[in-house]
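Student: What follows is a single structure, and I will ask about it in a moment.
The values are calculated or read from the model by the stated rules, or taken from the named source; none is laboratory data. Computed from a predicted structure; not experimentally measured. Heads up, the Cβs are rebuilt from the backbone with ideal geometry, glycines too, and the neighbour counts pull from every protein chain shown. Calculation scope for accessible area: heavy atoms of the full protein, side chains included, ligands and nucleic acids excluded. Shrake-Rupley method; radii C 1.70, N 1.55, O 1.52, S 1.80 Å.
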Amino acid sequence: MALCFCSMLRMLTSLFIPALIASVTISLLFFVLLLCIRLWVGKKRAASVQLGKDGKEQKVVAFFHPYCNAGGGGERVLWCALRALQKRYKNAVYVVYTGDKDVSGEDILNGAVGRFNIKLSYPIKFVFLEKRYLVEDRLYPHFTLLGQSLGSILLGWEALVKCVPDIYIDSMGYAFTLPLFKYLGGCRVGCYVHYPTISTDMLSIVRDHTARFNNAAFISNNPVLSRLKLIYYILFALVYGWVGSCSDMVMVNSTWTFNHVLELWKCSDRISIVYPPCDVKTFLDLELNEKHERREHSVVSIGQFRPEKDHKLQIRAFSTLLAKKTPEERENLKLILIGGCRNKQDEVRVAELKKLSFDLGVHVEFKVNIPFEELKKHLSEATIGLHTMWNEHFGIGVVECMAAGTIILAHNSGGPRLDIVIPYEGHDTGFLADSEESYAAAMDRILSMSEESRLQIRQSARRSVSRFSDQEFEVNFISATEILFK
C-alpha cells in the first residue's frame with residue numbers, strides 16, 4: 001500500500017511542472033491576446049477623435065440601449081438622460097447603440113417626441129446593430145438568462161467595434177457588457193439599473209418551488225430540476241455580481257432595486273438611487289375637479305405588453321369584479337389596456353389577452369402604441385389606474401396614473417410598495433393588492449367611495465409625485481454621472 005502511494009505521489013509530482021508550464025503559457029497567451037485587442041481598440045478610438053469648436057477633444061458618450069425605439073419607461077429614462085447630459089456637457093458627442101435598424105434615426109427621435117414629449121437640444125448619432133436577435137429571449141427557450149447575457153457580450157462587441165466611446169453607459173440592464181467596454185475598450189463605464197438580471201427573490205422562487213412566468217410548473221413540481229435550477233441561479237448570480245462590480249458608477253431606480261444590486265454587486269461606495277423621470281408636469285396640467293356622481297367608470301392600465309406585467313391578472317380580476325355587479329352596473333364599467341409592443345412576441349401576447357377576454361366574456365379595449373396625447377386623454381377620464389406586476393422595480397406607469405388623477409391600485413410589492421404608493425403628509429395615496437380576489441375587492445371599494453373621498457386621495461397622490469419629476473431626475477442623474485466625466 002505504501003509503495004502504491006509513493007508511486008502515485010511521484011507520478012503527480014512529475015505532472016506538476018508540465019501542468020504549471022502549460023497553465024502559465026495559456027495565461028500569457030490570453031494576456032497577450034487581450035493586450036493586442038486593447039491596443040487595436042485604442043487605435044480605433046484615436047483615429048475617430050474629433051475636436052470641438054473650442055479646439056478641445058470631444059468626449060464620446062455612448063448609451064447601450066438595443067430597444068431605444070420601444071415605448072416603455074426605460075426608454076423615457078434614456079431620452080431624459082441624454083437631454084440632461086446635453087445641457088450639462090454641450091461639447092460632447094452622444095451616441096446610442098440600437099438594434100432598431102428597420103427605422104431611421106430621425107424616426108426614432110420623432111417617436112421620442114410623440115410618445116414622451118421629449119425633444120433633444122442637439123443631434124445625436126445612432127449606431128445600428130445587426131445582431132440584436134442575440135439578446136432576445138425567443139432564441140433561448142432554456143437557460144434564458146445565460147443565453148441572453150452571453151448574447152449581450154457579442155452584441156456589445158459589435159457595438160464596440162463600430163464605435164469606441166470614452167464613456168459607456170448601459171441604460172437597459174446588460175451588465176455583461178460592462179467589463180467588455182471597461183477592460184477591452186478602456187472606457188469609463190456606468191449603468192442605470194432598472195431591474196437586476198437575477199435577484200434573491202428569483203432564487204427564493206426556485207428554492208420554494210413556486211411556479212411563475214420565469215419558473216415553469218414542470219420545474220417547480222420536480223425536486224431534482226428545482227435543485228439543478230437553483231445551482232444554476234446561484235452560479236449565475238456570482239458571475240453577475242462580478243460583472244456588475246466592474247462599473248465605475250451605478251444608478252438604480254428604486255429602493256427595491258438598490259437592495260438587490262447592493263447585495264449582489266457589493267458596490268456601496270458608488271451606488272445611488274436616481275428615481276426615473278416621470279412626466280408628472282404634463283399630467284398635472286389636467287383638471288382635478290370633483291366629479292359629481294358620474295355613472296361611467298373606466299379602469300386603465302398602462303405598461304408594455306410583456307409577460308411580467310401580468311395583464312392576465314388584470315383581466316381576471318376585472319371579470320371577478322363584474323361578477324359582483326348587476327347588468328346595469330356592468331354596462332357602466334370598462335377596462336382599457338394601454339401599452340407598447342416591441343416585437344412579434346408582444347403582438348402574439350396581445351392576441352392571447354384578447355382571447356382570454358373573449359373566453360371570460362369581458363369586453364376589454366386594447367390601445368397599442370398609441371400617441372402620448374391619446375394616452376393622456378384616457379388617463380384624464382379614468383377612475384382607477386391598474387398595475388399588477390409582481391416586484392415591479394419602480395413603476396413609472398403608477399406615478400403617471402397618480403399624477404393624472406386616477407386612484408392607483410398597484411401590486412403590493414417592489415417599487416410601488418416601498419417608494420410610490422405610500423402615505424404622504426399623513427394621507428393615503430392609493431391602494432395595493434396581490435391577488436385576483438384582492439384586486440377585485442379593492443376596485444369595488446374604490447368605486448363605492450364617495451367622490452369627495454376619492455378626491456382627497458387623488459389630491460394627496462398628486463402632491464406626492466413631485467419626487468419623481470423630470471427636473472429631480474436631471475439633477476440627480478448629473479450628480480451621479482459627474483465622476484465619469486472627470
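Student: Cα to Cα, under 14 Å, and not fewer than 8 places away if on the same chain: which aspartates and glutamates meet these conditions relative to LYS119?
Tutor: The reachable aspartates and glutamates, counting only those whose Cα sits under 14 Å from LYS119, are GLU75, GLU106, ASP107, ASP279, ASP470.
Student: Another question, if that's okay. So between PHE372 and LEU225, what do we pick up on full extension, going 0.36 nm a residue minus the alpha carbon distance? Don't jump to the answer; show the numbers that get you there.
Tutor: Values: separation 147, 0.36 × 147 = 52.92 nm, distance 4.51 nm.
Answer, rounded to one decimal: 48.4 nm.
Student: Right, here's the next one. Give me the percent relative contact order of the stretch 333-417, please, defined on Cα pairs under 8 angstrom at least 6 residues apart.
Tutor: 26
Student: Please list 3J(HN,Hα) in residue order for the stretch 452-467, calculated via the Karplus relation 6.51 cos²θ - 1.76 cosθ + 1.60 where θ = phi - 60°; whole Hz, with x for glycine and proline.
Tutor: 5, 5, 5, 4, 5, 5, 4, 5, 5, 4, 5, 5, 6, 7, 4, 5
Student: What distance in nm separates the simple spin-label points at SER466 and ALA351, each placed 7 Å from Cα in the Cβ direction?
Tutor: Calculated label separation equals 4.9 nm.
Student: Right, another one. Through the Karplus equation 6.51 cos²θ - 1.76 cosθ + 1.60, θ set to phi - 60°, convert the phi angles of the stretch 125-130 into ³J(HN,Hα) values in whole Hz; use x for Gly and Pro.
Tutor: 9, 10, 9, 8, 9, 8
Student: For the stretch 395-483, give the percent of accessible area contributed by carbon and sulfur heavy atoms, probe 1.4 Å, rounded to a whole number.
Tutor: Exposed carbon and sulfur together represent 45 percent of the surface.
Student: So, one more: So, R0 is 60 Å and r is the distance between the beta-carbons of ALA323 and ILE26; what FRET efficiency does that work out to, to 0.05?
Tutor: The calculated FRET efficiency here is 0.35.
Student: Return the calculated 222 nm mean residue ellipticity for the chain, to the nearest 500 deg cm²/dmol, obtained by summing -39500 (n - 2.57) across DSSP H runs with n ≥ 4 and dividing by the residue count.
Tutor: Dividing the helical sum by the residues of the chain leaves -15500 deg cm²/dmol.
Student: Restrict the search to the stretch 414-449; then list the GluC sites (Glu not before Pro) that DSSP places in a loop and that have at most 12 other Cβ atoms within 10 Å of their Cβ.
Tutor: Within the stretch 414-449, the qualifying GluC sites (Glu not before Pro) (loop, at most 12 other Cβ atoms within 10 Å) are GLU425.
Student: Quick one: grab Rg to one decimal and Dmax as a whole number for the stretch 342-478, Cα atoms only, in Å.
Tutor: 16.0, 50
Student: Okay, next question. Within the set of other residues whose C-beta is less than 15 Å from the C-beta of LYS101, count the net charge using Lys and Arg as +1 and Asp and Glu as -1. Please report the intermediate quantities before stating the final value.
Tutor: Working: positive: LYS125, LYS131, ARG132, LYS162, ARG342; negative: ASP100, ASP102, GLU106, ASP107, GLU130, GLU136, GLU158.
Taking every other residue near LYS101 into account, the sum is -2.
Student: Run the quick spin-label model on ASP201 and ASP102: label points 7 Å from Cα toward the beta carbon, then report their separation in nm to one decimal.
Tutor: Those two pseudo-labels are separated by 3.1 nm.
Student: So how far apart, in nm, are the two label points at ASP269 and SER438 if each is 7 Å from Cα heading toward Cβ?
Tutor: In this crude label model, ASP269 to SER438 measures out at 4.1 nm.
Student: Taking amide H positions as placed 1.01 Å from N in the peptide plane, with prolines and chain starts having none, which residues 5 or more places from ILE118, or on another chain, fall under 5 Å of its amide H?
Tutor: Amide H neighbours of ILE118: VAL113.
Student: Just to confirm my numbers, what's the Cα centroid distance between the stretch 267-342 and the stretch 396-446 in Å?
Tutor: 10
Student: Given a cut-off of under 8 Å on Cα pairs at least six residues apart, what relative contact order in percent is computed for the chain?
Tutor: Values: 790 pairs, mean separation 67.0, N = 486.
Over the chain, the number comes to 14 percent.
Student: Hey, can you find the accessible area per residue of the chain for me, probe 1.4 Å, expressed in square angstrom?
Tutor: 48
Student: Where does the charge balance sit around ALA403 when Lys and Arg score +1, Asp and Glu -1, over other residues with C-beta under 9 Å from its C-beta?
Tutor: That sum, taken over residues with Cβ under 9 Å, equals 0.
Student: Give a residue-ordered list of calculated ³J(HN,Hα) values for the stretch 334-347 (Karplus: 6.51 cos²θ - 1.76 cosθ + 1.60, θ = phi - 60°; whole Hz; x for Gly, Pro).
Tutor: Whole-Hz 3J(HN,Hα) from phi for the stretch 334-347: 9, 10, 10, 9, 10, x, x, 10, 8, 7, 4, 4, 5, 5.
Student: Report the full-extension gain for the segment PHE128 to VAL113: residue separation times 0.36 nm, less the Cα-Cα distance, to one decimal in nm.
Tutor: This chain segment gains 3.4 nm when fully extended.
Student: Contact order normalised by length for the stretch 112-189, with contacts defined as Cα pairs under 8 Å and 6 or more residues apart; what percent is it? Please list the in-between numbers first.
Tutor: Values: 66 pairs, mean separation 18.7, N = 78.
It comes to 24 percent, rounded to a whole number.
Student: Given LYS312/LYS377; LYS162/LYS377; LYS182/LYS367; LYS229/LYS266; LYS309/LYS376; LYS87/LYS344, which pairs have Cα atoms separated by over 31 Å?
Tutor: Over 31 Å apart, Cα to Cα: LYS162/LYS377; LYS182/LYS367; LYS87/LYS344.
Student: Round to the nearest 0.05 the FRET efficiency obtained for GLU287 and TRP242 when R0 = 41 Å and r is the Cβ-Cβ distance.
Tutor: In this case the efficiency is close to 0.20.
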